[in-house]
Amino acid sequence: MSKRTRRDVFTIAAVVLAAFVISANLRGSDDASNQANAAMTRSDNAFFFNGRWEVSPEAAVFEGGDSTIDAIAATDPHVLKYQDTLYLYYTCAGTTEDQPNQPRTRICLATSSNGINWLRHPENPILEPSEEGAWDSLGLETPFVLEDDSGFKLYYMGYDVKDGDRWLEGEGTTLGSIGLALSGDGVHFGRSGPDPVLTPSTGRGPRRIGIWDSWALEGPWVIKIDGAYSMYFGGLGSLDGNEEVNAIGLATSSDGLEWNKYRNNPVFSGRKGDWDQYHTIDPCVLFEDGRYYLWYHGGDVQTDDFFGNFQIGLAISQDGKRWRRSSRNPVLTHGAPSSWNNFGVMAPSVLNNRDGTAQLFFHGMDRYPNPTRWSIGRAVPAANEPRRPGDRKTP
């Protein structure tokens, strides 16, 4: 396993060990809020947005810094609109009062009426790692929440070891598997059972290679269509033991509890020589008028010690399995050299309404491997993007 994997590509925990404590939650001024809301609603009649985005407001809308819980970072956003309120589920990286020198990643919640001004939930974190000995006892990340007739389903990545070499030597159970917790109100969650609902594939030999997702899974995103569930997820593995694979896979379920991986996985991966050739993960999938829209992040820089230049792209599909990239990619680029998100924008979460309003939430960082900020931002449809009522053309 490469040096980059030993630092645990998929976990903030590997980064937060050396990260600086970042500033308190930034709440955006009234002027910034008004300007951003005006940008969000620029459109004509019914429109499902599938173009380029621009960050608005320019500053991060949510940062770590609340006591110990997310004092180090707030990242991996998933935003759900429930009734008239936006629920932001995120990975909160911080410490605990009884272990102030041991960084922990857990699941937290904040709420907002506009996507700009957020309030942390007083009961954070809403999901803690399990007790020692469980598969998810060390950390939880990349939350996704689905609200359906049965309540709220929180899918997340969990792990009990974060060092790849130690895992290969037999320590711990998983570098990353997908778990499930259930809730009736979207706040108070209990695990569906003691085991993960989706695990990495079984690799070959002592290095567990030969399969694209034999090392770790992360970033679940679930959609429900006509009673059937589809989960898109990021996978990490290696086919030959030298080059890592970071790609997106698909699993299906009839109840959201028991899952089967698609036999022709991965369904989406980086394109050699393009801006997204490495580290293509963190899917966000919406289904609209018979088409699937996949937002993801990718990068084109990778060495043993360095990876990055992350940006967000879009792909479209008729069946959710075969994808065509947008000609407008990347649809959200990282910021200018002096900005808070100059090194990369990642983990997209899109609220895309047919009335022309749209918001894309993401996390950004300003450098690697030790970012001084790893925060959550917001983007809206770019001002120069076309606005045609009822446009459904594939970009």
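Report the label-to-label distance for Arg204 and Val301 in nanometres (one decimal), using points 7 Å from each Cα along the Cα→Cβ vector.
3.5 nm
How large is the translational diffusion coefficient of the range 129-244 in µm² per second when you combine the Kirkwood radius over alpha carbon pairs with Stokes-Einstein at 10 °C and 1.306 mPa s?
Numbers: Rh = 14.9 Å.
Diffusion coefficient, whole number: 107 µm²/s.
Out of residues 5 or more away from His334 or on other chains, whose amide H comes under 5 Å of its own, with H placed 1.01 Å from N in the peptide plane?
Long-range HN contacts for His334: Val345.
Identify the trypsin sites (Lys or Arg not before Pro) of the range 270-330 meeting these criteria: DSSP loop state and at most 10 other C-beta atoms within 10 Å of the C-beta.
Sparse-neighbourhood loop trypsin sites (Lys or Arg not before Pro): Lys272.
Can you give the FRET efficiency for Leu119 and Arg166, using 1/(1 + (r/R0)^6), R0 = 45 Å, r = Cβ-Cβ distance, to the nearest 0.05?
0.70
Which cross-chain or sequence-distant (5 or more) residues have an amide H under 5 Å from the amide H of Val161, H modelled 1.01 Å from N in plane?
Thr173, Thr174
Using a 10 Å cut-off around each Cβ, can you sort Leu88, Leu217, Leu250 from fewest to most neighbouring Cβ atoms?
On the way: Leu88 25, Leu217 32, Leu250 22.
Ordered by Cβ neighbours within 10 Å, fewest first: Leu250, Leu88, Leu217.
Output ³J(HN,Hα) for the range 219-229: one whole-Hz value per residue in order, computed from phi by the Karplus curve 6.51 cos²θ - 1.76 cosθ + 1.60 with θ = phi - 60°, and x for Gly and Pro.
Whole-Hz 3J(HN,Hα) from phi for the range 219-229: x, x, 9, 10, 10, 10, 10, 6, x, 9, 9.
Gln277: net charge of surrounding residues, Cβ under 13 Å, Lys/Arg +1, Asp/Glu -1, itself excluded?
-2
How much length would be gained if the chain were fully extended between Ile225 and Ser150, taking 0.36 nm per residue of separation minus their Cα-Cα distance, in nm to one decimal? Kindly include the intermediate steps, with their values, before the conclusion.
Working: separation 75, 0.36 × 75 = 27.00 nm, distance 1.47 nm.
My answer for the length gained is 25.5 nm.
Let me check I've understood the local charge: for Arg191, count other residues with C-beta under 12 angstrom from its C-beta, Lys and Arg +1, Asp and Glu -1. What total comes out?
On the way: positive: Lys153; negative: Glu128, Glu131, Asp136, Asp195.
After counting each charged neighbour, the total is -3.
Using θ = phi - 60° and the Karplus relation 6.51 cos²θ - 1.76 cosθ + 1.60, list the HN-Hα couplings for the range 187-202 in order, rounded to whole Hz, with x at every Gly or Pro.
Taking θ as phi minus 60°, the curve returns 10, 9, 10, x, 4, 6, x, x, 10, x, 8, 8, 10, x, 5, 7 Hz for the range 187-202.
For the range 230-361, just say rounded, prolate or oblate: build the C-alpha gyration tensor, square-root its eigenvalues into a ≥ b ≥ c, call rounded for a/c under 1.5, and beyond that prolate if a/b exceeds b/c, oblate if not. List each step's numbers first, then the result.
Details: a/c = 1.92, a/b = 1.11, b/c = 1.73.
Since a/c reaches 1.5 but b/c is at least a/b, the shape of the range 230-361 is classed as oblate.
Between the DSSP loop rule and a limit of at most 14 other Cβ atoms within 10 Å, which GluC sites (Glu not before Pro) in the range 89-152 are left?
Filter output for the range 89-152: Glu97, Glu123, Glu131, Glu132.
No value in this document is a laboratory result; all are computed from the given coordinates. Not measured: the values here are computed from a predicted model. Ideal geometry is used to build each Cβ from the backbone, glycine not excepted, and the neighbour counts take in all protein chains shown.
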